[in-house]
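First comes the structure, then the notes that go with it.
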């Protein structure tokens, strides 16, 4: 059966929507929503946020002239409708797949993505930079930033708004309020007021009044300004944003295209200063299973479009995240000083389970990693045992606080670094690539990496036991390998690794989640007649110098393996061996790390293959160090 033509077939670029009337825009919004639901049902990804901004996306591209006008999506997880309208519809079913579209905005992907994202609260800062650049170049384009109310919990958004208000640059910020957390219910009166205060007549009258009072004494001028701002604030809200220097418009119904188009046109035609439009939307709008879900289908696996039922993965061992949560709960039952801290990721870090067990001892501080770290430092300073569970990639945002507020003061904050290493479909913006180096660089910091779920449970217990300094332990995304966790995990001796297998020729020194690949590599090497030792370092800091020096002394080749960037564990090992003179005896050493590049999204297995950290790559590094030829991946697979 031939598929009926869709209005979406007429849109190859945003300019194609310029002549659409409101009825056609509504039809287009319905078509975009259907296309997005169908695509994400195949690929998985972020669904609810994108569904909530369909009408807003259609209106923005109808009113403004992208790519000349810069449209910046904060975080970027709500940009799927934007991608459909900007020439990427034919590839939308490659979202988050290897070689396909990114799940976020990405400059290298399209001219319609002026700024790449994936971390929250960057849009207003970037937009202000573009507005300043526009004025310095004497251009005349618009800059529009769309930021969700969740991102407004991040201090960076307010820093940017404060700066933008002080500079009085022409900038449009749209606050996408999808939790009703700020706005009262939106009705006809608020929409009427929004159109009124954004219209040319009102703004012209306001400008005239400003010109008049500008010649009056300063106290009278300030009183007049505040009277006008607060009068509008009483009617429509937004006094906070006015105090930051923004002209506030709203709240408006973010799904009503009549309101959206007219107000966006009014704001587009304003000539002075920054403007904030407060749009109230519904996450998951237009798809009943998403509207009815507790998380509004924020992130989904593949699903059945008709029923909304998500495809379940194969049954397997618990995830590392769940192992961490259960281990922390077990420790907290023994010690009422243990508390959990997360930065808007209770579900992602497992602290939702901890919060269920100990509701008074779990703290979600919002998208505010800097605050989370210093808040945890305050807890530690007064005798509690905080575990700050933060994705490795997000802790980068709080690194100054880790240095200044935790490490320098030697406060025993425990950092649980989830998503260490490569993470698959979320791509390079979410990879935990750098924490080994930046945490290992800090004096006094204990840094551990779990090779399996038992080791993770041991590291939770070890961190709980460390009272005189900060500590961190990292663990990967995904499931464990199926080991049974003991009821009372042992506390690890600080700075002590373990030997898994004894050999005589080659030593494979693994840190963290690549241990299973190192074991496969050892099997490959054994099949080549090369006796191989396998060691699990456990600790980045302090290093097990005794064990590593023995490996260097007793083997011809030493290979270090880690799921982190250059400048991490391998570098620390090399520095120690050089300082001890262990490199003077002709040791052949290779350090295997993530490559000096950002690896695009794919399955984790393919990403690690591309990174050169598979069993075959580990084995070939040892063979090459001995001057032998590499094995093919096929041959290595047969030997493993």
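Here, each number is a calculation from the coordinates, and none is a lab measurement. Given the structure is predicted, the values throughout are model-derived calculations rather than measurements. In this analysis, Cβ positions are derived from the backbone assuming ideal geometry, glycine residues included, and neighbour counts consider all displayed protein chains.
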Which order do the peptides 533-544, 82-93, 265-276, 571-582 take when ranked by the mean count of other beta-carbon atoms within 10 Å per residue, highest first?
533-544, 82-93, 265-276, 571-582
Sort 458, 361 by Cβ crowding within 10 Å, fewest neighbours at the top.
361, 458
If R0 = 51 Å, then residue 566 and residue 167, at their Cβ-Cβ distance, give a FRET efficiency to the nearest 0.05 of 0.85
Mean residue ellipticity at 222 nm from the helices of the chain, using -39,500 (n - 2.57) per DSSP H segment of n ≥ 4 over the full residue count, to the nearest 500 deg cm²/dmol?
-12000 deg cm²/dmol
Take each of the peptides 604-610, 16-22, 329-335, 468-474, average the number of other beta-carbon atoms within 10 Å over its residues, and list them starting from the highest.
468-474, 604-610, 329-335, 16-22
Most exposed first, judged by fewest Cβ atoms within 10 angstrom, 509, 379, 613, 8 run 8, 379, 613, 509
Subtracting the Cα-Cα distance from 0.36 nm times the residue separation, let me have the gained length for residue 504 to residue 382 in nm, one decimal.
38.9 nm
Ranking of 563, 309, 242, 556 by count of other Cβ atoms within 10 Å, fewest first
309, 556, 242, 563
With R₀ set to 35 angstrom, the calculated FRET efficiency between the beta-carbons of residue 469 and residue 523, to the nearest 0.05, is 0.35
Modelling each spin label as a point 7 Å along the Cα-to-Cβ direction, I'd like the residue 597/residue 404 distance in nm, to one decimal.
3.7 nm
If packing is taken as the average number of other Cβ atoms within 10 Å across a peptide's residues, how do 53-59, 587-593 rank, most packed first?
53-59, 587-593
List residues of region 83-116, by number, whose backbone nitrogen lies under 17 Å from a label position 7 Å along Cα→C-beta of residue 6.
83-95
If R0 = 41 Å, then residue 107 and residue 294, at their Cβ-Cβ distance, give a FRET efficiency to the nearest 0.05 of 0.75
Roughly speaking, what is the stretch gain from residue 24 to residue 630, that is 0.36 nm per residue apart minus the C-alpha to C-alpha distance, in nm to one decimal?
212.1 nm
